[in-house]
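To keep things clear, I will list the structure first and then write my remarks on it.
The values are calculated or read from the model by the stated rules, or taken from the named source; none is laboratory data. These figures come from a predicted structure and were not determined experimentally. Here Cβ is always computed from backbone atoms with ideal geometry, including for glycine, and neighbour counts include all displayed protein chains. Accessible surface is based on the protein model in full, side chains and every heavy atom, while ligands, DNA and RNA are left aside. Shrake-Rupley method; radii C 1.70, N 1.55, O 1.52, S 1.80 Å.
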Amino acid sequence: MYENRWFSVNLADVELPDGRHLDHFLIRLRPVAVATVVNEANEVLLLWRHRFITDSWGWELAAGVVEDGEDIASAAARELEEETGWRPGPLHHLMSVEPSNGLTDARHHIYWSDRGEYVGHPVDDFESDRRAWVPLKVVPDLIARGEVPAANMAAALLLLHHMRLADG
């Protein structure tokens, strides 16, 4: 029905188990690569940004679409550097999630590193109001207050919180 370089909107004919048919819209999206750094003080690098679609502010990890032929982990590292000015050390796959699999086939691949190097002011600084190192210990409270509105970001931050702080 519609297509551009980021997504396509399709109409599918879905057959239900009882043989009935229904029309169902679906959105096909490119994979999304997401990354962050957690430093030695157990602080996570986050972006404070506004999402105009929901008119909401919240903490997020750096993210963007994977370009044609691009390795997903490389895309995650690129997005992190472009949006924060930090180049990550070796990336570790944290999780892959499907944020809205009743409507879209989007897969978000989330990575993290335990070190990074500041390489300069972010090229894409317009994508966030600020960038900050936020203590992982406050992540559950941020989520409970609605300050991490995106479900994929909340899931990733809770998993990092658990991995880094569960034993300490």
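Please give the solvent-accessible surface of residue 111 in Å², to the nearest 10, using a probe radius of 1.4 Å with every protein chain present.
Roughly 30 Å² of residue 111 is accessible to a 1.4 Å probe.
Report the calculated FRET efficiency for residue 67 and residue 166 (r = Cβ-Cβ distance, R0 = 41 Å), to the nearest 0.05.
So, using R0 = 41 Å, E works out to roughly 0.70.
Among 166, 29, 123, flag the residue with its Cα farthest along the positive direction of the charge dipole of the chain, charges on Cβ as +1 for Lys/Arg and -1 for Asp/Glu.
Farthest towards the positive end: 166.
What are the residues whose amide H is under 5 Å from the amide H of residue 104, where those residues sit 5 or more places off or on another chain and H is modelled from the backbone?
Answer set, sorted by chain and number: 27.
Expressed as a rounded percentage, what relative contact order does the chain have, with Cα pairs under 8 Å and six or more residues apart?
24 percent
Quick check: with the 1.4 Å probe, what order do 54, 104 take by accessible area, largest first?
So the residues, ranked largest to smallest area, are 54, 104.
Using packing as a proxy for protection, rank 121-129, 57-65 so that the peptide with the highest average count of other Cβ atoms within 10 Å comes first.
The peptides rank, most packed first, as 57-65, 121-129.
Quick one: Debye curve from the alpha-carbon atoms of the stretch 21-99 only, equal weights, vacuum; give me log10 I(q)/I(0) at q = 0.20, 0.25 Å⁻¹ to two decimals.
Treating every Cα as an identical point scatterer, log10 I(q)/I(0) equals -0.99, -1.31.
If I compute solvent accessible area with a 1.4 Å probe over the protein chains, what percent of it on the chain is carbon and sulfur?
54 percent
Please list 159, 103 in order of solvent-accessible area, largest first, computed with a 1.4 Å probe with all protein chains present.
103, 159
So what is the accessible area of the stretch 62-168 per residue, in Å², with the probe set to 1.4 Å?
52 Å²
So what is the diffusion coefficient of the chain in µm² per second by Stokes-Einstein at 25 °C and 0.890 mPa s, using a Kirkwood Rh over Cα pairs?
It comes out at roughly 143 µm²/s.
Just subtract the alpha-carbon distance of residue 138 and residue 28 from 0.36 nm times their residue separation and send over the number in nm, one decimal.
36.1 nm
Kirkwood Rh and Cα-based Rg: tell me the resulting Rg over Rh for the stretch 127-168, rounded to two decimals.
0.98
What does the extension gain come out to for residue 103 and residue 40, with contour length at 0.36 nm per residue minus their alpha carbon separation?
Here the answer is 18.8 nm.
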